[in-house]
Amino acid sequence: MKIYIKTYGCQMNENDSEVAKYYLEIEGYEITDDEESADIVILNTCVVRKKAEEKFYSAIGEFKKKNKKIGIMGCGADKEKENLFKRGVDFIVGTRAIPRISEAVEYSLKNKKVAFFDDLLDEIDYKKIIKRNSKHHAWITIIYGCNRFCTYCIVPYTRGREKSRKMEDILSEASNLAKTGIKEITYLGQNVDAYGKDLNDGSSLAKLLHKTAEIPQIERIWFLTSYPTDFSLDIAKEISKSNKIGKNIHLPVQHGSNKILKKMNRRYTIEEYKELIKNIREIVPDASITSDIIVGFPDESEEDFLNTVKLVKEIKFERLNLAIYSPREGTIAWKFFQDNVPRIIKTRRMAYLLNLQKEINRALNEKYLEREVEVIVESEGKNGIFYGRDIRNKIIGFNASAEMIGKKVLVKIKKITAGPLYGDIVKLL
Ligand code: SAH
Ligand code: SF4
Ligand code: F3S
């Protein structure tokens, strides 16, 4: 029985797919990369915006036509429960019920439709889940859920409340992975800085980063996503003291206007956000700060938008994920605010910011020319160019060979763009 898993959405879903794979393989199912030959297709879904939702619904249609059995996991399972069986889905497994995935498959083979939404997070035995999609990099979820309830966001409804994993458990997972050749890990949480707060045993992200850096084989440690008022400067201090912790802080601001931030229920002002960035940069002068911004939130006036423009110009983010506001059923914004910024204005504002950010990226990248940076070789891209990242999370392309994947090299930058940087390998490190 062959199963194909297709993963949409964020890194947390990627990690969940790896967990699902483990639970399927121990029951004897074969996981395939070839969707055509699969008997069962599991879609690990995302519903953060309407477009993401439409993507997996259209995949359901495609796979139905090919007569595959279809299972749904991920945030779409939790948000779309009622609608999925109507679309012909065979089984549904909620974000916290992954250990039951093989049981769900079994039922579907007997033509019984099942949906599991139990909270089985405590049952997940991470010590045993050492197989990852990459040979040298591993995602590790350290805190589940989110308590923030930003008014536009569906995530607290799909992933539930914050729940941290025990620090010993995470560290033993990281050590086990290191023994299998993993050199780079990324700690994940929707609000990763809240890590440890619910454990009441003194655990924190700063401590976890510190301890992880002590694992000899681990060469780089990343963490995602930071929430401004939960971010502790202790984390910045750990970054400044270590040459293993990535100097990239992904700190979504979402908007540049206090009026809109308030309506979004983001619990900070622009002044506080800027102060935080200033403090981070004092501790880690070459920190790469990246962010997410939503354009066209309800009641966003031209003046509000210009405040976002002003902020983007002032902070000079190293990367920006821009999204047009998409109302999500069940959220506060969907219930109480009108999606009243006309489509054409939303697209114009989005295009303006995209352009502005491109210029900023190019200007920021100038400083890299002729610089030598340490890069871990990640993967082969188009035209035989290999890609990897430096400690600031910059994507760097160079000529290499497949056996160098996972190795650390010194690259001299020869060409910059608004996106990746390009250079030549100077030596193997
Ligand atoms: N936990 C992270 C991000 C979660 S979702 C945080 O707090 O920032 C990833 C990004 O999607 C968000 O940062 C936000 O910019 C965007 N997003 C979430 N809901 C959205 C919506 N309804 N419409 C448009 N963008 C949205
Ligand atoms: Fe969504 Fe806000 Fe939680 Fe991020 S912090 S996951 S945007 S509710
Ligand atoms: Fe999408 Fe859920 Fe991640 S909605 S972005 S898969 S947390």
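Things to note:
- Residues that are under 18 Å from the mean Cα position of the chain (by Cα) and either within 14 Å of ligand 3 (Cβ to nearest atom) or loosely packed, with under 15 Cβ neighbours inside 10 Å (or both) within region 126-146 comprise Asn133, Trp139, Thr141, Ile143, Tyr144, Gly145, Cys146, listed in sequence order.
- Single residue of region 20-47 satisfying the filter (surrounded by fewer than 19 Cβ atoms within 10 Å (Cβ to Cβ) and among the hydrophobic types (A, V, I, L, M, F, W, C)) that is farthest from ligand 2 (Cβ to nearest atom): Ile26
- Residues of region 147-172 satisfying the condition of being within 16 Å of ligand 3 (Cβ to nearest atom), among the hydroxyl-bearing types (Ser, Thr, Tyr) and more than 17 Å from the chain's Cα centre (by Cα): Thr151, Tyr152, Tyr157
- Filtering region 299-321 for residues that are closer than 18 Å to Asn361 by Cα, within 16 Å of ligand 3 (Cβ to nearest atom), at pLDDT 95 or above and assigned by TED's automatic domain parsing to the domain that holds Ile249 leaves a non-empty set.
- Flag for Ile260 being within 16 Å of ligand 2 (Cβ to nearest atom) and touching an Asp or Glu at 6+ places or on another chain (Cβ under 8 Å): yes
- Considering residues of region 314-337 that are away from ligand 1 (no atom under 14 Å from the Cβ) and within 25 Å of the chain's Cα centre (by Cα) only, the residue nearest to Thr225 (Cα to Cα): Glu318
- Wholly within region 91-203, strands (runs of 3 or more DSSP E) carrying at least 2 residues that are touching a residue at least 60 places away in the same chain (Cβ under 8 Å): 137-141, 184-188
Per-residue answers, yes or no, for (1) under 18 Å from Lys358 (Cβ atoms); (2) of a type in the set (S, T, N, Q); (3) surrounded by fewer than 21 Cβ atoms within 10 Å (Cβ to Cβ); (4) away from ligand 2 (no atom under 16 Å from the Cβ):
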| position | (1), (2), (3), (4) |
| --- | --- |
| Asp286 | no, no, yes, yes |
| Thr290 | yes, yes, yes, no |
| Ile294 | no, no, no, no |
| Phe297 | no, no, no, no |
| Glu300 | no, no, no, yes |
| Arg319 | yes, no, yes, yes |
| Ile324 | yes, no, yes, no |
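- Selection count where residues are part of a loop (DSSP other than H, G, I, E, B) and over 24 Å from Phe149 (Cα atoms), scope region 268-314: 4
- Among the numbered conditions (1) surrounded by 21 or more Cβ atoms within 10 Å (Cβ to Cβ); (2) among the aliphatic types (A, V, I, L, M); (3) within 16 Å of ligand 1 (Cβ to nearest atom), the only one that Leu224 does not meet is (1).
The values are calculated or read from the model by the stated rules, or taken from the named source; none is laboratory data. All values derive from a computational prediction rather than experimental measurement. Using ideal geometry, Cβ is built from the backbone for each residue, glycine included, and neighbour counts are taken over all protein chains shown.
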